């Protein structure tokens, strides 16, 4: 167990707990965009930065990655911290002017758009938090989408912006996307995502279309359970 | 080739090396590092080779790396028995026959050497060997010795000790200069802990930029949990204007290899990697050959010096990503992935390459290690400054007369480097600043010319050591444009993982571009400062964390130039195209018509032998007339 | 067509075998492919994924992350303008703009006849010769705009 102070509050947390977790467990809110309880933290969005003090030295760290230590003093709202968060939000307001989520956080934190930043028109609502990519790789395990190029040209999508043959249409990426950038269109027996159409399978019992065939085949291959045995939706099981 | 297992074997190889290093006959050496080849050394070598064969001369022709004085390349050194070694600068293929005739005659009438070396120094052995009996023939007395040449006088060479002196492909010559004796001493006579103690005592700090004490890093890595540990050499020298590591890898690859073997033995590692920048094919080739030779001699591989210690090295080529100079990004790249850094809250000495303890130092750092082992940590600590011991190699480039690589003790005044070694600013222009530390560094203004260059003094001045690039700027260099240049560089080299760096640096570039285009607004400088602080604090790795430095340091020392751009719409240095005008000085213009010929838009016009004019409306400020005018009649304001 | 594809696969397997199929050698393998084809053809990249059992997405990530890789065919002669600091302060931008005019392409593009590809490179480390342009590996030192047409003519031959 580590004893530390967060925003003046004495806190005890198990060793290895990230500051973010320890703060939330104690009712201290730290804003984040790229953190998710079931996905390894990546420290990409930088909204969760906090200022830590060890002895005389203080520095800014990402609370989703930095772990609690004995004697650590954490300030989650110092002026330096707020300066970083204000910039991150102003940058995202300019990158993703269409994103309601970003606008809401900005309003909540009192951040206005920076008139010197021209608004981007080609980035949609994607903030490159990589939750979708990590879900696809680490949780689903298909690596259908990823991050290509680098710097300001970095984008999320399938390889060559076209080949989504690895995609099983599970929709986990759309589900986890914090800004609603990833579009998934659903008709009764068909689902469209990443430019590809997926045939949906109807439940053998209730007849409701509940999952893409490709996804069931993927699960079948991985688990050894036949597709026929997977053809009943969760509510009928 | 038989293996080297004992000190006797090593000495035998050294004797073989000495026989080619200072042979009994005449020897000609051509500096064939990348910069030499780019200036035409290859042609010179071939011409000499052809002439020597055709004339059936008894002359040994050999290749060396670079002595550092790039502005005199192609460099050819001549060593005749019993005479000092002579250095000839700017030799062309055409001059080759003349040079050979001159050697045959025993004169220096037609082509003058620009310095002579009476003895060959070995910093490893701590002694010099005089060529011949040490006497200088009368006709050579007028030639200054290397120590009398301002460029070399204040230099102390440790990391680049052999560059330009030995054939990089000859392991024997390296051994003749004391090479691998540090390794022998370490492996056969010292405990790993004692080696680390020696490196800590030397005060050696990492030469790659951060300046972290190398010995402490080794110690932490040695003590880290894990059976498999890695030793890595960072040769991904990405700072534009810095090429010292390339010079060492090309000119003296064994110094890096020996340093790494010593480090590996001290840390307890059996696998080494050298990550070399993609743009350095000759470095890759020379390192590869050196590794092969070291394996042949048993200095790499199993049971080195019969000690039971095994170690081998692999080379990995980068693929063009500045961010891979960052240790965690470099390790991601070694694993075969995109070079994205990760937060370093868990240090790479504990969890690095493939999550195993990994010790990474750069080329120059490793090259210093053999010298520390042979001469002792105390000796090394006695050179340089208090908290920055030893020497540092700098590439002194840009608007400076003597362009090249120089190695000086830490703490050498900037003034000495710019004026004594560098020979000052050319064309009688005014010295303005030195940019150090690459894109992560800053600009040191003229008023700080007395600054003693070491890790801490540069840091205090708002810059940093970086890998040692020093780009000299004169009054025709616009500091806002320089800030824009570095920010644009970093924007395209950002990996794109974290928001402050990916998006923030891009927005800073937008604003700086506006300022350079005369579209700056009141408050822009203050906005840049606020953004800089947030990017420094908020970025994930050192690339973003130091990206605003060139902007902050130019604002700190050259705020007036920013104001001139924003408030007066003027670029005082005459660089920013939207803010300058080209005109012809009618007094000096002879009407030769050259500007008319080169102008791509027809803006330059005029009658033959009459003063010409430049039409402002069609002029694109491309500078073609300026560089072609032989009479200095083009004005830029 | 089929035999052509088989040949390609054999060629690729040879390259992969040089690195014992190690996944960590992906960058080196892509470098060798680029060496062989002058760029990274999509069809070959897809084969790399299959042959090395690496998700195609990972291959694409690496291929687009590093500057050295090109996913489009490059010209017979690659013209690289050094954008190092020493070259920059000595007017490299004017050389680049001149080359763009002469070749009628933008930086990063290839001429229609596929003779030239124009690129910028981050410091060649020949700062004493600034400004420099490298064409097909040959360094052209102290280059002026005036010299450019003649130099290009030599490569057009």
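Within segment C:4-27, can one find any residue that is at the interface with chain B (Cβ under 8 Å from one of its Cβ atoms), within 18 Å of the chain's Cα centre (by Cα) and surrounded by 20 or more Cβ atoms within 10 Å (Cβ to Cβ)? For segment C:4-27, residues at the interface with chain B (Cβ under 8 Å from one of its Cβ atoms), within 18 Å of the chain's Cα centre (by Cα) and surrounded by 20 or more Cβ atoms within 10 Å (Cβ to Cβ): present.
Checking the condition surrounded by fewer than 24 Cβ atoms within 10 Å (Cβ to Cβ), in contact with a helix residue (DSSP H, G or I) (Cβ under 8 Å, 6 or more places away or on another chain) and over 21 Å from residue B:577 (Cβ atoms), which residue from B:522, B:534, B:433 passes? Before you say what the answer is, go through the steps one by one.
On the way: B:534 fails: surrounded by fewer than 24 Cβ atoms within 10 Å (Cβ to Cβ); B:433 fails: surrounded by fewer than 24 Cβ atoms within 10 Å (Cβ to Cβ).
Matching residue, one of B:522, B:534, B:433: B:522.
Which of the residues spanning segment B:321-344 are facing another protein chain (nearest Cβ under 10 Å), touching a strand residue (DSSP E or B) at 6+ places or on another chain (Cβ under 7 Å) and closer than 30 Å to residue A:17 by Cβ? The answer is B:343, and nothing else. Just one of the listed residues (B:367, B:332, B:385) is out of contact with any helix residue (DSSP H, G or I) (no Cβ under 7 Å at 6 or more places or on another chain) and either closer than 17 Å to residue B:156 by Cβ or not assigned by TED's automatic domain parsing to the domain that holds residue B:205 (or both), namely B:385. Residues considered: B:512, B:490, B:458, B:528. Of these, the only one that is closer than 22 Å to residue C:127 by Cβ, buried (at least 19 other Cβ atoms within 10 Å of the Cβ), modelled with pLDDT of 95 or more and within 14 Å of chain A (Cβ to nearest Cβ) is B:490.
Residues checked against (1) modelled with pLDDT of 95 or more; (2) assigned by TED's automatic domain parsing to the domain that holds residue A:15; (3) touching a strand residue (DSSP E or B) at 6+ places or on another chain (Cβ under 9 Å):
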| position | (1), (2), (3) |
| --- | --- |
| A:41 | no, yes, yes |
| A:49 | yes, yes, yes |
| A:78 | yes, yes, yes |
| A:91 | yes, yes, no |
| A:99 | yes, yes, no |
| A:119 | yes, yes, no |
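Only one of the listed residues (B:507, B:556) is facing chain A (nearest Cβ under 9 Å) and either touching a strand residue (DSSP E or B) at 6+ places or on another chain (Cβ under 9 Å) or crowded, with 23+ Cβ neighbours inside 10 Å (or both). That residue is B:507.
Name the residues in segment B:442-462 that are under 24 Å from residue B:576 (Cβ atoms) and in contact with a helix residue (DSSP H, G or I) (Cβ under 6 Å, 6 or more places away or on another chain), would you?
Restricting attention to segment B:442-462, the residues satisfying the condition of being under 24 Å from residue B:576 (Cβ atoms) are B:442-447, B:462.
Across segment B:442-462, the qualifying residues are B:442, B:443, B:445, B:462.
The residues on offer are B:534, B:547, and the sole one that is more than 31 Å from the chain's Cα centre (by Cα), modelled with pLDDT of 95 or more, within 14 Å of chain A (Cβ to nearest Cβ) and under 30 Å from residue A:47 (Cα atoms) is B:534. Residue B:12 passes every criterion in (1) in contact with a helix residue (DSSP H, G or I) (Cβ under 8 Å, 6 or more places away or on another chain); (2) in a helix (DSSP H, G or I) apart from (1).
Among the residues of segment A:9-19, how many are over 19 Å from residue A:48 (Cβ atoms) and more than 26 Å from the chain's Cα centre (by Cα)?
Of segment A:9-19, the ones over 19 Å from residue A:48 (Cβ atoms) are A:10, A:12, A:14-15.
Next cut, more than 26 Å from the chain's Cα centre (by Cα) only: A:10, A:12.
So the count comes out to 2.
Elements of the type helices (runs of 4 or more DSSP H) sitting completely within segment B:155-233 and holding at least 2 residues that are surrounded by fewer than 22 Cβ atoms within 10 Å (Cβ to Cβ) and at pLDDT 95 or above: these cover B:181-189, B:192-202, B:214-223. Counting only strands (runs of 3 or more DSSP E) that sit wholly inside segment B:337-409, those with at least 2 residues that are surrounded by fewer than 24 Cβ atoms within 10 Å (Cβ to Cβ) are B:404-409.
Residues in segment A:184-210 that are in contact with a strand residue (DSSP E or B) (Cβ under 8 Å, 6 or more places away or on another chain), under 23 Å from residue A:162 (Cα atoms), free of Cβ contacts under 8 Å to residues at least 40 places away in the same chain and surrounded by 14 or more Cβ atoms within 10 Å (Cβ to Cβ): A:184, A:190, A:191, A:192, A:193, A:198, A:200. Among the residues of segment B:232-243, at least one is more than 14 Å from chain C (Cβ to nearest Cβ) and either more than 17 Å from residue B:352 (Cα to Cα) or in contact (Cβ under 8 Å) with a residue 60 or more places away in the chain (or both).
For segment B:129-154, the set of residues classified as touching a helix residue (DSSP H, G or I) at 6+ places or on another chain (Cβ under 7 Å) and assigned to a loop (DSSP other than H, G, I, E, B) consists of B:154 only.
On inspection, residue A:157 passes the criterion of being at pLDDT 95 or above, outside the structural domain of residue A:17 (by TED's automatic domain parsing) and out of contact with any helix residue (DSSP H, G or I) (no Cβ under 7 Å at 6 or more places or on another chain). Say we look at segment C:127-144 and pick out the residues that are crowded, with 21+ Cβ neighbours inside 10 Å and within 19 Å of the chain's Cα centre (by Cα); which of these is nearest to the other protein chains (Cβ to nearest Cβ)? It comes out as C:132.
Regarding segment B:489-510, can at least one residue be identified that is closer than 30 Å to residue B:413 by Cα, in a helix (DSSP H, G or I) and in contact (Cβ under 8 Å) with a residue 24 or more places away in the chain? Yes - at least one qualifying residue is present in segment B:489-510. For segment B:559-568, check the following and say yes or no: at least one residue is in contact with a helix residue (DSSP H, G or I) (Cβ under 8 Å, 6 or more places away or on another chain) and within 13 Å of another protein chain (Cβ to nearest Cβ). Scanning segment B:559-568 turns up at least one residue that is in contact with a helix residue (DSSP H, G or I) (Cβ under 8 Å, 6 or more places away or on another chain) and within 13 Å of another protein chain (Cβ to nearest Cβ).
Please go through segment B:239-296 and give me each residue that is over 18 Å from the mean Cα position of the chain (by Cα), over 21 Å from residue B:199 (Cα atoms) and crowded, with 24+ Cβ neighbours inside 10 Å, ordered by number. Within segment B:239-296, B:290, B:294 meet the criteria. Go through segment A:33-66 and count every residue that is away from chain B (no Cβ under 12 Å), touching a residue at least 12 places away in the same chain (Cβ under 8 Å) and within 17 Å of the chain's Cα centre (by Cα). Count: 4.
The residue pairs whose first member lies in segment B:40-65 and is farther than 22 Å from residue B:19 by Cβ and in the same structural domain as residue B:103 (by TED's automatic domain parsing), whose second member is at pLDDT 95 or above and surrounded by fewer than 19 Cβ atoms within 10 Å (Cβ to Cβ), and whose beta carbons are closer than 6 Å, counting only pairs six or more residues apart or on different chains, are B:43/B:93; B:44/B:93; B:47/B:93; B:51/B:97.
Pick out the one residue from B:483, B:564, B:517 that is closer than 30 Å to residue B:246 by Cβ and outside the structural domain of residue B:206 (by TED's automatic domain parsing).
Details: B:564 fails: closer than 30 Å to residue B:246 by Cβ; B:517 fails: closer than 30 Å to residue B:246 by Cβ.
Only one candidate qualifies: B:483.
Within segment A:130-165, if we keep just the residues that are within 13 Å of chain B (Cβ to nearest Cβ) and out of contact with any strand residue (DSSP E or B) (no Cβ under 9 Å at 6 or more places or on another chain), the residue that is farthest from residue A:100 (Cα to Cα) turns out to be A:143. Only one entry in B:571, B:589, B:625, B:595 is touching a residue at least 24 places away in the same chain (Cβ under 8 Å), buried (at least 18 other Cβ atoms within 10 Å of the Cβ) and under 15 Å from residue C:97 (Cβ atoms), namely B:625.
The values are calculated or read from the model by the stated rules, or taken from the named source; none is laboratory data. Only a predicted model underlies this, so the values are computations on that prediction, with no experimental measurement involved. Note that each Cβ is placed from the backbone with ideal geometry, even for glycine, and that neighbours are counted across all protein chains shown.
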